[in-house]
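Just passing along the structure, written as structure tokens.
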Ligand SMILES: Cc1cc2nc3c(=O)[nH]c(=O)nc-3n(C[C@H](O)[C@H](O)[C@H](O)COP(=O)(O)OP(=O)(O)OC[C@H]3O[C@@H](n4cnc5c(N)ncnc54)[C@H](O)[C@@H]3O)c2cc1C
């Protein structure tokens, strides 16, 4: 399919991009890596009259350590996430998840900002960002604001972004040294979106879980934080009964769509299994 006609704009600063997006209104969309937007345009599921390409804005690139956080520019690519020493040292779960996004061709172009701003429940990074307690820097016609990833997702393709606003960076707190983490993603084939996936970040003390956060991908209209499941494992040694309890608590908040990846009951069933696997593996990796 060929996209509908559109005008192309390439601003050199965030201020210019915001100005363009505000002036052009609903007919304009930011263009990042284009690996979600362009397929939608080719299917004519999106028909923006104007594309505002963010590639000319150098300030949106880069990944840097800032105290106890890592700050990822919105236009950093998924490949750059995989190549980053800061991420490898401090937040290895981000690399584990990035490695199971699509394939190298997509990861060379696809950006972190595009992945988290897209609002597709199938995107892998949003649940990860919620699990890690990340914050999105948003810039728009009324200035800049920070929104917790956990407050950003409102429905499928609905986010906290207001007209004219851009995600410009993602700030991720580095989990404590000795933490364990795991991202378990069930997919039909290499390069596919998740049938179900779970992210776990935890710390252990004396053989028991001290802190835990669990995120879920593609198991509802939005990414989810499984807070009751996480509570269920605190203070335990993750015996089989506790793992089953956590999986059930996570299943209780899942509401996946029935689609080509399977019926609802199947996706909830495997979603619980992803939670148990991620908990076990994260605990095994914690010091
Ligand atoms: C074959 C294939 C398989 C894929 N598999 C996976 C997968 O398994 N897991 C996964 O997570 N993703 C997957 N993707 C999607 C891929 O990761 C995309 O790159 C990502 O979803 C969007 O990033 P992008 O930079 O390409 O954004 P774009 O496609 O350019 O933009 C996506 C949306 O976000 C908006 N946007 C982009 N940047 C910003 C910003 N900074 N601020 C505000 N709005 C913005 C755009 O206007 C658009 O609405 C796959 C894609 C393909 C083609």
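Consider residue 235 carefully, then state whether it is in contact (Cβ under 8 Å) with a residue 60 or more places away in the chain and in contact with a strand residue (DSSP E or B) (Cβ under 7 Å, 6 or more places away or on another chain). First the steps, then the outcome.
Details: in contact (Cβ under 8 Å) with a residue 60 or more places away in the chain: no; in contact with a strand residue (DSSP E or B) (Cβ under 7 Å, 6 or more places away or on another chain): yes.
Taking the combined requirement at face value, the residue does not satisfy it.
Would you point out which residue out of 241, 247 is buried (at least 20 other Cβ atoms within 10 Å of the Cβ) and either part of a helix (DSSP H, G or I) or modelled with pLDDT of 95 or more (or both)?
Numbers: 241 fails: buried (at least 20 other Cβ atoms within 10 Å of the Cβ).
One residue alone meets the criteria, 247.
Continuing with this model, one more query. What residue, of 112, 72, 57, is at pLDDT 95 or above, within 12 Å of the ligand (Cβ to nearest atom) and over 21 Å from the mean Cα position of the chain (by Cα)? Before the answer, list the steps.
Details: 112 fails: over 21 Å from the mean Cα position of the chain (by Cα); 72 fails: over 21 Å from the mean Cα position of the chain (by Cα).
One residue alone meets the criteria, 57.
When only residues in segment 138-152 that are in contact (Cβ under 8 Å) with a residue 40 or more places away in the chain and more than 14 Å from the chain's Cα centre (by Cα) count, which is surrounded by the fewest Cβ atoms within 10 Å (Cβ to Cβ)?
My answer is 141.
Table: residues versus (1) away from the ligand (no atom under 14 Å from the Cβ); (2) surrounded by 18 or more Cβ atoms within 10 Å (Cβ to Cβ); (3) at pLDDT 95 or above.
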{"residue": "161", "(1), (2), (3)": "no, yes, yes"}
{"residue": "178", "(1), (2), (3)": "yes, no, yes"}
{"residue": "185", "(1), (2), (3)": "no, yes, yes"}
{"residue": "193", "(1), (2), (3)": "no, yes, yes"}
{"residue": "203", "(1), (2), (3)": "yes, yes, yes"}
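Only one of (1) part of a loop (DSSP other than H, G, I, E, B); (2) touching a strand residue (DSSP E or B) at 6+ places or on another chain (Cβ under 9 Å); (3) within 16 Å of the ligand (Cβ to nearest atom) is not met by residue 197, so which one is it?
All conditions pass for residue 197, except number (1).
Looking at segment 12-36 only, could you name the residues that are within 12 Å of the ligand (Cβ to nearest atom), closer than 15 Å to residue 166 by Cβ and in a loop (DSSP other than H, G, I, E, B)?
Listed by number, the residues that qualify are 32, 33.
Related question: Residue 125 passes all but one of (1) closer than 14 Å to residue 218 by Cβ; (2) in contact with a strand residue (DSSP E or B) (Cβ under 6 Å, 6 or more places away or on another chain); (3) buried (at least 24 other Cβ atoms within 10 Å of the Cβ); which number fails?
That leaves (2) as the condition not met.
Looking at segment 80-102, which of the residues that are more than 21 Å from residue 274 (Cβ to Cβ) and surrounded by fewer than 19 Cβ atoms within 10 Å (Cβ to Cβ) is nearest to the ligand (Cβ to nearest atom)? Let's see the steps before the verdict.
Initial filter on segment 80-102 (more than 21 Å from residue 274 (Cβ to Cβ)): 80-90.
With surrounded by fewer than 19 Cβ atoms within 10 Å (Cβ to Cβ) added as a condition, the list becomes 82-83, 85-86, 88-89.
Numbers: 82: 13, 83: 16, 85: 22, 86: 20, 88: 20, 89: 23 Å.
Among residues in segment 80-102 that are more than 21 Å from residue 274 (Cβ to Cβ) and surrounded by fewer than 19 Cβ atoms within 10 Å (Cβ to Cβ), the one nearest to the ligand (Cβ to nearest atom) is 82.
Let me ask another. Could you grab the pairs with beta carbons closer than 6 Å, sequence gap of 6+ or different chains, first residue in segment 88-106 and without any contact (Cβ under 8 Å) to a residue 12 or more places away in the chain and within 20 Å of residue 179 (Cβ to Cβ), second one near the ligand (Cβ under 8 Å from one of its atoms) and part of a helix (DSSP H, G or I)?
Note: no pairs meet the criteria.
Still on this structure: Failed condition for residue 39, given (1) near the ligand (Cβ under 10 Å from one of its atoms); (2) part of a helix (DSSP H, G or I); (3) surrounded by fewer than 19 Cβ atoms within 10 Å (Cβ to Cβ); (4) touching a residue at least 12 places away in the same chain (Cβ under 8 Å), with all others met?
(4)
How many of the residues in segment 42-54 are surrounded by 17 or more Cβ atoms within 10 Å (Cβ to Cβ) and more than 9 Å from the ligand (Cβ to nearest atom)?
1
Let me ask another. Which one of these is touching a residue at least 12 places away in the same chain (Cβ under 8 Å) and within 10 Å of the ligand (Cβ to nearest atom): 133, 155, 119?
Details: 133 fails: within 10 Å of the ligand (Cβ to nearest atom); 155 fails: within 10 Å of the ligand (Cβ to nearest atom).
So the residue among 133, 155, 119 that is touching a residue at least 12 places away in the same chain (Cβ under 8 Å) and within 10 Å of the ligand (Cβ to nearest atom) is 119.
The values are calculated or read from the model by the stated rules, or taken from the named source; none is laboratory data. Since the structure is predicted, the reported quantities are computational estimates derived from the model, not experimental observations. Here Cβ is always computed from backbone atoms with ideal geometry, including for glycine, and neighbour counts include all displayed protein chains.
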